[in-house]
Amino acid sequence: MRSPIVEGQMWGNVEETRSTPSSVKVLLRECGGVGVTFLIPTKTQRPWSPPLGFQCVYESYFQNETKLWFPIPRLVTSYARRRDAAMSRFLNGAFRISVALMVAAAEINVLMSVWTLEELTYVKSMGDGLYSIQMRPNYNVIVDHPSRTNNWQRFYFYVKCDGFAFEEPPDDSFRFLWNHELVDHPDSASYPEEFIAKAHVVASLAQVSWKDITVERIRRAVDRISKRDCRSDLPPLITGNRRRFSIFTRAELNVINAAREMKELPDLSALIKKKLR
């Protein structure tokens, strides 16, 4: 067991958990958590004090406003690893975006890599140790999502870092404490060459409404999402260059924006190809 009293971890907004064995068992049944080993924190334990070999997650990550599933996809743990952050630092919207993008990309047979996720989003500090991940405006393909989840921080539990809970189980080097700053945005020049084409296709998708990302749609896409087509343990290259990568040319972006205003096109990437060939 780790001590719940850790220097620098007295975040005043974090209360003891309200999760119970019954609430977590119901949650696991509903989101495919077969074989997942979990623990309910004691009254003194907090998200940053899971026992060795466990990670903290919130019940809301797997409920209707986020729809994450077990085993937790490697995209989620890869992103947290590259930002050197505990999963419990992120608001629901971070994983809602991840779920929607993974499903939409899988449906066109494109693997949603951590490099693409990094480039399509930005991180915003919400204070009190928490961070939000949001889509960059020019690449906002996820719409109609909830703006907030009430009391989501009050229900958390620990899951064992094994193959039942994670596609790629976090090892001992994976962060569990809440650091005050995240690793800066990686240098896009360090991304694999094929990243550009895949990121271009994902960012070109017709806008996806969150209400259309159903549990049935997710289940149909899970096998394709789980393909091991890319490494996720590569450390980010931080050069201090904050300029973001430009996925589209100005002409392509104009076509995309015009198409999204029409709200009738099922395949924006095909439209771009036709217009700019």
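The values are calculated or read from the model by the stated rules, or taken from the named source; none is laboratory data. None of these values were measured; they are calculated from a predicted model. Cβ atoms come from the backbone with ideal geometry, glycine included; neighbour counts cover every protein chain shown. With ligands, DNA and RNA removed, areas are computed over all heavy atoms of the protein, side chains included. Shrake-Rupley method; radii C 1.70, N 1.55, O 1.52, S 1.80 Å.
Apart from one condition, Val57 fits all of (1) under 18 Å from Arg219 (Cβ atoms); (2) open to solvent by less than 30 Å² (accessible area, probe 1.4 Å); (3) not in a loop (DSSP other than H, G, I, E, B); the exception is (1). The lone criterion from (1) of a type in the set (A, V, I, L, M, F, W, C); (2) more than 15 Å from the chain's Cα centre (by Cα); (3) surrounded by fewer than 21 Cβ atoms within 10 Å (Cβ to Cβ); (4) closer than 20 Å to Arg74 by Cα left unmet by Val159 is number (3). Working only within region 2-37, note down all residues that are among the aliphatic types (A, V, I, L, M) and in contact with a strand residue (DSSP E or B) (Cβ under 7 Å, 6 or more places away or on another chain). Scanning region 2-37 gives Val24, Val36.
Taken over region 114-138, the criterion of being hydroxyl-bearing (Ser, Thr, Tyr) and open to solvent by 10 Å² or more (accessible area, probe 1.4 Å) is satisfied by Tyr122, Ser125, Tyr131, Ser132.
For every residue, the table says whether it meets (1) outside any loop (DSSP other than H, G, I, E, B); (2) hydrophobic (A, V, I, L, M, F, W, C); (3) at pLDDT below 95.
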{"residue": "Met1", "(1), (2), (3)": "no, yes, yes"}
{"residue": "Pro4", "(1), (2), (3)": "no, no, yes"}
{"residue": "Glu7", "(1), (2), (3)": "no, no, yes"}
{"residue": "Asn13", "(1), (2), (3)": "no, no, yes"}
{"residue": "Ser19", "(1), (2), (3)": "no, no, no"}
{"residue": "Leu28", "(1), (2), (3)": "yes, yes, no"}
{"residue": "Gly33", "(1), (2), (3)": "no, no, yes"}
{"residue": "Pro41", "(1), (2), (3)": "no, no, no"}
{"residue": "Gln45", "(1), (2), (3)": "no, no, yes"}
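Residue pairs whose Cβ atoms lie under 7 Å apart, sitting 6 or more positions apart in sequence or on different chains, and linking a residue in region 137-150 that is in contact (Cβ under 8 Å) with a residue 60 or more places away in the chain to a partner that is outside any loop (DSSP other than H, G, I, E, B) and open to solvent by 100 Å² or more (accessible area, probe 1.4 Å), are Asp144/Lys211. Scanning region 133-173 for residues that are hydroxyl-bearing (Ser, Thr, Tyr) and under 29 Å from Met1 (Cα atoms) yields Tyr156, Tyr158, Ser173. For the residues Arg96, Arg81, the requirement of being at negative phi and open to solvent by 30 Å² or more (accessible area, probe 1.4 Å) singles out Arg81.
Name every residue in region 123-145 that is touching a Ser or Thr at 6+ places or on another chain (Cβ under 9 Å) and under 12 Å from Ile97 (Cβ atoms), in order of residue number. Across region 123-145, the qualifying residues are Val123, Ser132, Ile133, Gln134, Met135, Arg136, Tyr139, Val141, Ile142, Val143, His145. For region 14-54, a tally of residues being open to solvent by 30 Å² or more (accessible area, probe 1.4 Å) and of a type in the set (S, T, N, Q) returns 6. None of Glu65, Glu118 is of a type in the set (Asp, Glu) and in a helix (DSSP H, G or I) except Glu118.
Only one of the numbered conditions (1) modelled with pLDDT of 85 or more; (2) under 18 Å from the mean Cα position of the chain (by Cα); (3) surrounded by fewer than 16 Cβ atoms within 10 Å (Cβ to Cβ) is violated by Asn151, and that is (2). Contact map, region 54-80: residues that are within 17 Å of Arg224 (Cβ to Cβ) paired with residues that are open to solvent by 20 Å² or more (accessible area, probe 1.4 Å) and among the polar types (S, T, N, Q), Cβ distance under 9 Å, separation 6+ or inter-chain. Pairs shown: Lys67/Thr214; Pro71/Ser226; Pro73/Ser226; Arg74/Ser226. For region 176-188, the criterion of being farther than 23 Å from Pro146 by Cβ, more than 18 Å from the chain's Cα centre (by Cα) and part of a helix (DSSP H, G or I) is met by at least one residue. When each of Leu111, Leu75, Leu120, Leu91 is tested for being more than 20 Å from Thr17 (Cβ to Cβ), within 10 Å of the chain's Cα centre (by Cα) and of a type outside the set (Val, Ile, Thr), the lone residue that passes is Leu75.
Filter region 171-224 down to residues that are in contact with a Gly (Cβ under 9 Å, 6 or more places away or on another chain), open to solvent by less than 40 Å² (accessible area, probe 1.4 Å) and farther than 25 Å from Asn64 by Cβ and give me whichever is modelled with the highest pLDDT. The qualifying residue modelled with the highest pLDDT is Trp178.
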